[in-house]
Amino acid sequence: MAAPASAVRLPSTLWGSLIISGTIIGAGMFSLPVVMSGAWFLWSSGLLILTWFCMLLSGLLYLEASLHYPAGASFDTVTRDLLGRGWNLINGLSVVFVLGILTYAYISASGAIIQHSLNQLAFGISARTAGLLFTLLVALFIWLGTAVVSRMTLIFLGAKIITFLMIFGGLLWHVQPAILLDRQGADSTYLPYLWIVVPFCLASFGYHGNIAGLMSYYQKNAGRVSRCLIYGTLMALAIYFIWIIGTMGNIPRSQFKMIAAQGGNIDVLVGALSGVLHNRSLNLLLDIFSNFAVACSFLGVSLGFFDYLADLFKLDNSASGRLKTTLLTFSLPLMAAMIWPDGFLLAIGYAGLAATVWAVITPALLAWQARRRFTTPGWRVKGGITPIVLVLLFGALNALVSLLSYAGWLPKYAG
């Protein structure tokens with residue numbers, strides 16, 4: 001008979017927290033200062049904290065529901081059993097859309113930032129060509145297998161962390177309170193521009209696909225997994241604050257209009273930071289960090305998309321099977337990136353709308369249905385029905401704001 005989870009020495013909470021924070025923090029963070037420029041620092045900070053709290057609750061609600069299933073049970077398994085095949089189909093389509101459009105976003109971002117970096121070395125290359133070549137390299141890693149992706153991700157993640165720590169000390173040192181608080185800005189209107197930020201904040205806190213893995217890793221120890229979610233999301237929130245303080249405290253609000261007008265891609269934001277800092281070492285670190293941040297996000301998202309498609313179409317793990325899945329994973333996003341190379345900011349916004357179903361509404365409905373079906377007492381999110389209602393309201397707000405934004409009924413400061 002297996003020893004109970006409580007009697008087995010479990011891995012440290014630190015590792016699970018790092019997995020969560022590492023999953024959350026990626027190239028999507030570069031969209032935040034641009035889309036937040038209208039609402040600016042104070043209003044955007046409040047929304048970021050609200051989003052963190054609601055997204056943490058949604059993860060905890062999914063954890064609560066998944067505890068009734070074997071360790072490692074997928075999102076698909078839990079959703080199909082509790083909410084039926086119809087809702088599982090809707091949820092599955094939202095997962096495919098989110099992963100597909102994020103793959104497109106990172107192809108677009110990789111082309112732009114690689115072009116920017118090579119231009120600094122007087123090596124001319126178009127963003128389309130750079131994105132194509134880097135996508136082929138990532139596709140090769142994916143085709144070779146998860147072990148290769150894991151090793152490359154570890155290398156990229158290590159480089160990203162090192163450059164992050166080196167960069168932001170320099171960025172924060174240059175922060176000007178007058179710029180951060182927009183004391184000299186001619187336009188003091190902020191609140192009308194806040195709503196358009198909601199889907200971008202939501203897309204910046206996606207980690208729910210990792211919960212099943214943590215359930216296996218910590219042997220269904222709900223207390224340990226919940227702490228990983230809390231600490232990991234808090235770490236990501238802190239890093240986001242450092243990032244927006246570092247950018248908004250160095251680039252005046254009015255300059256973000258020009259950044260967004262050029263597509264809001266990473267290279268434009270990095271170029272703007274370089275222009276105000278006039279520090280060659282810091283500029284070099286920004287370029288290095290940007291490249292590794294994109295690479296980490298690209299590998300993680302495309303591997304998740306690859307695995308989902310392989311399972312969906314029941315493709316085997318042979319060389320030919322992996323080649324078919326690789327083609328399915330990259331063909332459409334790559335074609336879209338070749339046609340629309342400057343769609344990074346727009347793609348992140350669309351991902352926020354689709355993620356509303358997968359990462360917000362579905363977890364709340366799963367917890368609600370699990371409480372109705374399973375009468376045996378178990379681990380639950382505190383607060384009774386309140387967390388479920390709060391998460392559903394947040395999801396409804398995000399869906400409404402996204403639809404109004406696409407219809408052109410919300411004011412845009414930047415762009």
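The values are calculated or read from the model by the stated rules, or taken from the named source; none is laboratory data. Quick caveat, the model's predicted, so the values are computed rather than measured. Virtual Cβ from ideal backbone geometry, glycine too; neighbours counted across all protein chains shown. Remember, those area values only see protein heavy atoms, side chains included, never the ligands or the DNA or RNA. Shrake-Rupley method; radii C 1.70, N 1.55, O 1.52, S 1.80 Å.
For the stretch 294-415, the fraction of 1.4 Å probe accessible surface lying on carbon and sulfur atoms is 70 percent. Annotation: per residue accessible area for the chain equals 44 Å², rounded to a whole number [probe 1.4 Å, protein chains only]. Taking a straight line from the alpha carbon of Lys382, these lysines sit under 23 Å away, with near neighbours fewer than eight places off in the same chain left out: Lys220. Compactness ratio for the stretch 94-205: Cα radius of gyration over 2.2 N^0.38 Å (N = residue count) comes to 1.42. Plugging the Kirkwood radius over Cα pairs into Stokes-Einstein for the stretch 29-105, at a temperature of 4 °C and a viscosity of 1.567 mPa s, what D comes out in µm²/s? For these conditions, the coefficient is 86 µm²/s. Give the shape of the stretch 306-415 as rounded, prolate or oblate, defined through the alpha-carbon gyration tensor: a ≥ b ≥ c are the square roots of its eigenvalues, a/c under 1.5 means rounded, and otherwise the shape is prolate if a/b is larger than b/c and oblate if not. The shape class here is oblate.
Taken as entire DSSP H runs, the helices of the chain that both span 24 Å or more between Cα atoms along their own long axis and average -1.0 or more on the Kyte-Doolittle scale are 40-66, 75-120, 127-144, 146-173, 222-248, 280-312, 319-339, 386-406. Considering the chain at the alpha-carbon level, its Rg and Dmax are found to be 21.1, 71 Å. When the Kirkwood radius is taken over all Cα pairs of the stretch 206-342, what Stokes-Einstein diffusion coefficient follows at 20 °C and 1.002 mPa s, in µm²/s? Stokes-Einstein gives a translational diffusion coefficient of 116 µm²/s. Rolling a 1.4 angstrom probe over the stretch 103-209 with all protein chains present gives an accessible area of which 70% lies on carbon and sulfur atoms.
For the charge dipole of the chain, defined by +1 on Lys and Arg C-beta atoms and -1 on Asp and Glu C-beta atoms about the Cα centroid, which residue among Phe292, Phe344, Tyr62 has the Cα displaced farthest towards the positive pole? Checked the options; the winner is Tyr62. Peptides 251-260, 158-167 ranked from most to least packed by the mean count of surrounding Cβ atoms within 10 Å: 251-260, 158-167.
Rounded to the nearest 20 debye, the dipole magnitude of the chain is 760 debye, with +1 charges on Lys and Arg beta carbons, -1 on Asp and Glu beta carbons, and the Cα centre as origin.
Computed extension length for Phe241-Thr77: 55.5 nm, one decimal, from 0.36 nm per residue of separation with the Cα-Cα distance subtracted. For the set Met335, Met235, solvent exposure ranked by accessible area (probe 1.4 Å, protein chains only) runs largest to smallest as Met335, Met235.
For the chain, the 222 nm mean residue ellipticity estimated from helices alone, with every DSSP H stretch of n ≥ 4 adding -39500 (n - 2.57) and the total spread over all residues, rounds to -24000 deg cm²/dmol. In straight-distance terms, cross-link reach from Lys257 covers every one of the lysines whose alpha-carbon lies under 17 Å from its own, apart from those fewer than eight places away in the same chain; here that gives Lys412.
Protection proxy ranking of 341-353, 14-26, by the mean of other Cβ atoms within 10 Å over each peptide's residues and highest first, is 341-353, 14-26. Within the stretch 277-371, the proportion of C-alpha pairs whose separation exceeds 21 Å stands at 56%. Normalised size of the stretch 65-130, defined as Cα radius of gyration per 2.2 N^0.38 Å with N residues, equals 1.85. Please enumerate, by chain and number, the lysines with C-alpha under 28 Å from the C-alpha of Lys324, excluding those fewer than 8 residues away in the same chain. Lys324 reaches Lys314.
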